[in-house]
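A.B. asks: Here you go, one structure.
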Amino acid sequence: MSQQSYFYQELQEMLQQPGCPICHVGRKVARGQLDALLYDSVTDRDSRDKLTNSLGFCSMHSRDLLTFPGERLGATIIEWALLREAQRRLRASGPAAGASWRQRLLGQPSASSALAADDPCPVCANQAKLEARSLEELLEHLVGDLETPLAAAGGLCWPHLELAMRSASDARVHGVLVSLHDQVWQGLIEQMGEFIRKRDYRYSQETISDQETAAVERAIETLTGAYPRVA
Ligand SMILES: [Zn+2]
Ligand SMILES: [Zn+2]
């Protein structure tokens, strides 16, 4: 199976469910990576040591660790090692080299702290890479193919659409991205408009549909992504 067909098949699968397919790909990648790390962490010291450069994961992925049933031991072993590393850095630290809070508040650069993580969250880094690869695949197969299931799923979230627009140099791809999202968003805008209108006492005898009630959630997902993200 070629790399391309793997990403294409993944996208087709993700497009079966509502919400941004690239967010779904990212979520799956992150869950898979965390699951493997939890499994390895119990037995493999090397895999734990690799995490010390980033001092573990970002806030979102650290909390994700605790959502795997039966994996509290693995999560505890990982966080135990990371907090020990933080403690080691704390003990090895010295007084700040001149940078004051005042300088920081004024946005002036200061020397990086010995306590700061050297690397970004490894799950975020891997997730971003694979999301970008999936997005490339989506754009390649958008016109006349994936545009229909993408519209049915509710389109891309704003962060992924913004990323897509930056690389959509083909006028047809750009045109599909604009018209598809314009249409989907117009539907949401109208549903939210109806919800607001019917909450007015003058129209309170009109029934608010489930879709109109749920439109605000879909708008939040559209504007921020299908899952909470850490920038
Ligand atoms: Zn997204
Ligand atoms: Zn992360």
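A.B. asks: Kindly indicate the residue of the stretch 218-231 that is open to solvent by less than 70 Å² (accessible area, probe 1.4 Å) and at pLDDT 95 or above and also nearest to ASP64 (Cα to Cα) among those meeting that condition.
C.D. replies: THR222
A.B. asks: Which of the residues spanning the stretch 179-217 are open to solvent by 100 Å² or more (accessible area, probe 1.4 Å) and within 16 Å of ligand 1 (Cβ to nearest atom)?
C.D. replies: Residue satisfying the conditions is GLU217 alone.
A.B. asks: In this structure, is LEU223 assigned to a helix (DSSP H, G or I) and either within 16 Å of ligand 2 (Cβ to nearest atom) or closer than 30 Å to SER62 by Cβ (or both)? Please lay out each step first, then the result.
C.D. replies: Details: assigned to a helix (DSSP H, G or I): yes; either within 16 Å of ligand 2 (Cβ to nearest atom) or closer than 30 Å to SER62 by Cβ (or both): yes.
Judged against the criteria, LEU223 is a match.
A.B. asks: Can you tell me which residue within the stretch 60-99, out of those that are open to solvent by less than 60 Å² (accessible area, probe 1.4 Å) and hydroxyl-bearing (Ser, Thr, Tyr), is nearest to ligand 1 (Cβ to nearest atom)?
C.D. replies: Selected residue: SER62.
A.B. asks: Looking at SER5, SER47, which one is within 30 Å of HIS141 (Cα to Cα), more than 16 Å from ligand 1 (Cβ to nearest atom) and free of Cβ contacts under 8 Å to residues at least 12 places away in the same chain?
C.D. replies: SER5
A.B. asks: Moving to a separate point now. If you take the residues of the stretch 1-51 that are assigned to a loop (DSSP other than H, G, I, E, B) and out of contact with any Gly (no Cβ under 7 Å at 6 or more places or on another chain), which of them is nearest to SER62 (Cα to Cα)?
C.D. replies: As a first pass, look at the stretch 1-51 and keep what is assigned to a loop (DSSP other than H, G, I, E, B): 1-2, 15-20, 44.
In the following step, the residues that additionally are out of contact with any Gly (no Cβ under 7 Å at 6 or more places or on another chain) were identified as 1-2, 15-17, 44.
Details: MET1: 33, SER2: 33, LEU15: 27, GLN16: 28, GLN17: 26, ASP44: 19 Å.
Residue satisfying both the conditions and the ranking: ASP44.
A.B. asks: Sticking with this structure for a sec: Going by the structure shown, is VAL123 within 16 Å of ligand 2 (Cβ to nearest atom), surrounded by 19 or more Cβ atoms within 10 Å (Cβ to Cβ) and among the hydrophobic types (A, V, I, L, M, F, W, C)?
C.D. replies: yes
A.B. asks: What do you reckon, is VAL25 within 16 Å of the chain's Cα centre (by Cα), farther than 24 Å from THR148 by Cβ and β-branched (Val, Ile, Thr)?
C.D. replies: Numbers: within 16 Å of the chain's Cα centre (by Cα): yes; farther than 24 Å from THR148 by Cβ: no; β-branched (Val, Ile, Thr): yes.
When the stated conditions are applied, VAL25 does not pass them.
A.B. asks: Also, I was wondering about something else. Can you report the number of residues in the stretch 36-59 which are away from ligand 2 (no atom under 11 Å from the Cβ) and either closer than 19 Å to PRO120 by Cα or open to solvent by less than 60 Å² (accessible area, probe 1.4 Å) (or both)?
C.D. replies: The number of residues fulfilling the criteria is 15.
A.B. asks: Considering only residues of the stretch 130-178 that are within 16 Å of ligand 2 (Cβ to nearest atom) and touching a residue at least 60 places away in the same chain (Cβ under 8 Å), which is surrounded by the fewest Cβ atoms within 10 Å (Cβ to Cβ)?
C.D. replies: Restricting to residues being within 16 Å of ligand 2 (Cβ to nearest atom) and touching a residue at least 60 places away in the same chain (Cβ under 8 Å), the top hit is PRO159.
The values are calculated or read from the model by the stated rules, or taken from the named source; none is laboratory data. All figures in this text were calculated on a predicted structure; none of them were measured in a lab. Heads up, the Cβs are rebuilt from the backbone with ideal geometry, glycines too, and the neighbour counts pull from every protein chain shown. Ligands, DNA and RNA are excluded from the accessible area calculation, which covers all protein heavy atoms including side chains. Shrake-Rupley method; radii C 1.70, N 1.55, O 1.52, S 1.80 Å.
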